[in-house]
1. With a sphere of radius 13 Å drawn around the Cβ of ARG191, what net charge do the other residues whose Cβ falls strictly inside it have (Lys, Arg +1; Asp, Glu -1)?
2. Order these by the 10 Å Cβ neighbour count, fewest first: VAL100, VAL227, VAL107.
3. With an 8 Å Cα cut-off and a minimum separation of 6 or more residues, compute the relative contact order for the range 85-190 in percent.
4. When a/c reaches 1.5 or more, the comparison of a/b and b/c decides; with that in mind, is the range 85-190 rounded, prolate or oblate per its Cα gyration tensor?
5. Can you sort LEU161, LEU209, LEU186, LEU233 from fewest to most other Cβ atoms within 10 Å of each residue's own Cβ?
6. If the chain between ILE197 and ARG87 were fully stretched, how many nm would it gain, using 0.36 nm times the residue separation less the Cα-Cα distance?
7. Across the range 178-186, in residue order, what do the Karplus-derived ³J(HN,Hα) couplings come to in whole Hz, using 6.51 cos²θ - 1.76 cosθ + 1.60 with θ = phi - 60° and x for Gly and Pro?
8. Quick one: Karplus J couplings for the range 134-141, per residue in order, coefficients 6.51, -1.76, 1.60, θ = phi - 60°, nearest Hz, x for Gly and Pro?
Amino acid sequence: MLAAALAAALVVRPPSPRVLLASRLGGAPVPDRPPRRWWASPWVAAATAALATTGLIGGVTGLLAGAAAGVAAHRWIATAEPSSSRRQRAELHRDLPLAVDLMVACVAAGQAPSAAVAAVAEALPGSLGGRLRSVAARLALGADPEVVWRDLATDPALGPLGNTLARSARTGSSVTTALARCADDLRRQRRTEAATIARSTGVRAAAPLGACFLPAFLLIGVVPTIVGAFGALAT
């Protein structure tokens with residue numbers, strides 16, 4: 001019974017408060033985060049680490065070390081960023097310069113920034129299109145554009161776009177020029193990040209290469225020299 005209850009707790013995840021609130025208000029349910037697979041649950045990792053550590057060490061020391069390993073594994077898995085979130089963030093950073101370029105074309109054609117956001121949101125698929133569609137929906141419902149741009153500026157991925165639109169609305173500067181400059185800055189930032197990653201690849205590869213070549217160097221170069229020296233001393 002205990003094992004069945006544990007399995008049910010690992011597999012079945014209760015809905016979040018946002019989903020419950022939306023259902024009670026009678027509206028459409030708010031999309032919730034996808035549930036974690038049972039084998040990726042922090043509790044599974046904690047139980048596996050605790051049992052493995054306890055069985056390896058044994059005794060009272062093993063129990064204490066297993067408890068510490070279980071707590072550490074639970075915290076590590078619970079705070080780790082899901083791979084889907086990393087892929088979504090990379091997709092947003094990749095597509096944002098294109099979205100800003102499309103907004104520049106829309107604004108240059110005579111559309112307002114709010115209409116440009118709606119048009120670009122419908123043209124772009126994926127996560128970025130969904131984010132922009134939510135912004136366009138707020139604007140269509142009559143929200144103050146300056147408030148929407150300020151809220152967009154707090155988004156970790158779309159912050160540069162929100163800052164540009166909020167600054168243009170506040171100062172009255174040209175939206176087209178500001179958006180074009182924003183697109184150039186985003187592309188320059190992407191090139192800088194790519195160059196940094198390329199430079200760090202060699203540093204990260206040094207440790208595995210050293211781990212592979214160091215034993216061979218010791219066996220082929222150092223050990224024969226030491227053996228030869230001891231043989232010469234013995235004779």
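1. +2
2. Starting with the residue having the fewest Cβ neighbours, the order is VAL227, VAL107, VAL100.
3. 29
4. rounded
5. The order, fewest Cβ neighbours first, is LEU233, LEU209, LEU186, LEU161.
6. 37.9 nm
7. The phi angles translate into 5, 5, 4, 5, 5, 4, 5, 5, 5 Hz.
8. 5, 5, 5, 5, 4, 5, 5, 7
Only the coordinates and a few stated rules stand behind these numbers; no lab work does. None of the values given here were measured: they were computed from a predicted structure. No Cβ is skipped: glycine too gets one built from the backbone with ideal geometry, and neighbour counts run over all protein chains shown.
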